[in-house]
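Where a number appears in this text, it was derived from the coordinates with a stated rule and is not lab data. All figures in this text were calculated on a predicted structure; none of them were measured in a lab. When we count neighbours, we look across all protein chains shown, and the Cβ atoms used for this are built from the backbone with ideal geometry, even at glycine.
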Amino acid sequence: MTDPRIEFVFGEVNDQLKRELRAFWSQHRNAYQEELRSFKTVSRNSHSLEQIDLLKKPISRQPAAISRDQSGAINGIVFVVLRELETSLELGSHAYFQRMYITPIARNTFQQRLANQLFKTFLRGFDREVEKRDHRAKVLLAENINPGLQKASMRRYFARLGFQMLGGNQLGGEIWVRKLKTHFSF
């Protein structure tokens, strides 16, 4: 079986990709939301990290990276949400909040390799495309509510990628933060 095709798409979503993304979410939204609910139930009781209320209302939500199966259909996505932050966190006024979803079939076929490739493609592209990001966002946040991401090996993985654990949230997830490079134009 060949490797999936992975694309960084942040700021480059054309009409064709919009249609594909609508079709993807139409097909997978319920499974994604059910998975989130199941993780939240398990995670809520799994640790006693300091509880952090990170986020205010979302400002924008957009895809950042996608993976495609052999037929060209989207089978995984990393998306980012720009949000205003609570000032008490001292992380700046805004942040990008990242989530990833890979279809169960793709997870079974490629196991963790797809998640790793998709996530690293996202990070490299997001680091590179400073001009496409909102200049107010100084950090990237990841909420790890999947219990599999709360293992020691996954915590080391996130640390190697430049993330630091910030704490937990009311849903039982671990909140990780990674500083973003920014450019200022005068």
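For the pair R107 and Y32, the difference between a 0.36 nm per residue extended length and the Cα-Cα distance amounts to 25.7 nm. For the peptides 131-137, 57-63, the ranking by packing is 131-137, 57-63, with the highest mean count of neighbouring Cβ atoms within 10 Å listed first. Taking 7 Å steps out from each Cα toward its Cβ at W25 and D127 produces label points 2.9 nm apart. Here is the tail figure for the range 74-116: Cα pairs spaced more than 12 Å apart come to 65 percent of all pairs. Measure up K57/K132; K18/K57; K18/K181; K18/K179 against 26 Å on the Cα-Cα distance and list the ones that go over. Where the Cα-Cα span goes over 26 Å, the pairs concerned are K18/K181; K18/K179. Derived scalar couplings between HN and Hα for the range 9-22 equal 10, 4, x, 10, 8, 8, 4, 4, 5, 4, 5, 5, 5, 4 Hz in order, rounded to whole Hz, by the Karplus curve 6.51 cos²θ - 1.76 cosθ + 1.60 (θ = phi - 60°), x for Gly and Pro. Overall dimensions of the range 69-186, expressed as equivalent-ellipsoid semi-axes from the Cα gyration tensor (√(5λ), whole Å, largest first), are 25, 19, 12.
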